[in-house]
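The values are calculated or read from the model by the stated rules, or taken from the named source; none is laboratory data. Because the structure is a prediction, the values reported are computed rather than measured. FYI the Cβ positions are ideal-geometry reconstructions off the backbone, even for glycines, and counts take in every protein chain you see.
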């Protein structure tokens, strides 16, 4: 996000005509203030922005004088936001994504060779078709700034609905409503286990093999989705495994498997590119409908971002 703000400042500096309020308040100064707040230091922010510290400090002091409040408390180690400053930063962050979209679309209207593409997902990019698709897109359109948001399915849908994301890619079903969807590739499920685990001697693991196991799931996506797949795969009948829960993210869960010698976990095949010492992956196989899982792209039909159109074209052609 920080590099995105710097790019926006470069665009804003080239705008010859601005609405009077923006012209008076200086749009670039508003974004500079956000970077100062992030860095907690005028010196660090100035270095990141490529301006003099004195120049940056003077601009912010002029803005504080104009609006009649102090946004920062100065101390010898840097700065911290005042109460008014915190309110200012919260509101600026809310409009930041929309403002970026306005500036970028003005520059890239009618084209897809430059601009921004904002993608939401909750699966790993360590390997698999999604990684390949993004690499192919980045190679074809090197001037498009790709930003990736890794959040829960619910948050991704909220951000898509608000316009903060151009497209989301999730596994399984999605309530698309007024959105467009594109079925993509299928993705298998793996079992991550300690290298000393008895199941590691098998080339593949079946659902029934998991009935006597202790299985660790994250409460974060895609943990609940994988837990549901396990319940469906076992048909909710017979001996059921012991389920353990953690709030850790997916990569940390795999690391925990190495520490807890008798625990396994499930993950999508796209996570297999992440190597964890002491952990081995085995394919989960079986004649159940949950294998493999279909990946879905979802976007708003009214989104006219040229970069999105180019990305969708690549997905349709290649996948």
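Only one entry of 174, 205, 149 meets the criterion of being touching a residue at least 60 places away in the same chain (Cβ under 8 Å), assigned by TED's automatic domain parsing to the domain that holds residue 307 and touching a strand residue (DSSP E or B) at 6+ places or on another chain (Cβ under 6 Å), and that entry is 174. For the criterion of being more than 30 Å from residue 314 (Cβ to Cβ) and crowded, with 16+ Cβ neighbours inside 10 Å, residue 213 passes.
Considering the conditions (1) within 30 Å of residue 165 (Cβ to Cβ); (2) modelled with pLDDT of 85 or more, residue 75 is excluded by exactly one of them, (1).
Look through the range 177-198, keep the residues that are surrounded by 15 or more Cβ atoms within 10 Å (Cβ to Cβ) and in a loop (DSSP other than H, G, I, E, B), and return whichever of them is modelled with the lowest pLDDT. Ranking the qualifying residues of the range 177-198, first place goes to 188. Considering the range 45-153, the qualifying helices (runs of 4 or more DSSP H), each wholly inside and each with 2 or more residues that are within 30 Å of residue 186 (Cα to Cα), run over 129-140.
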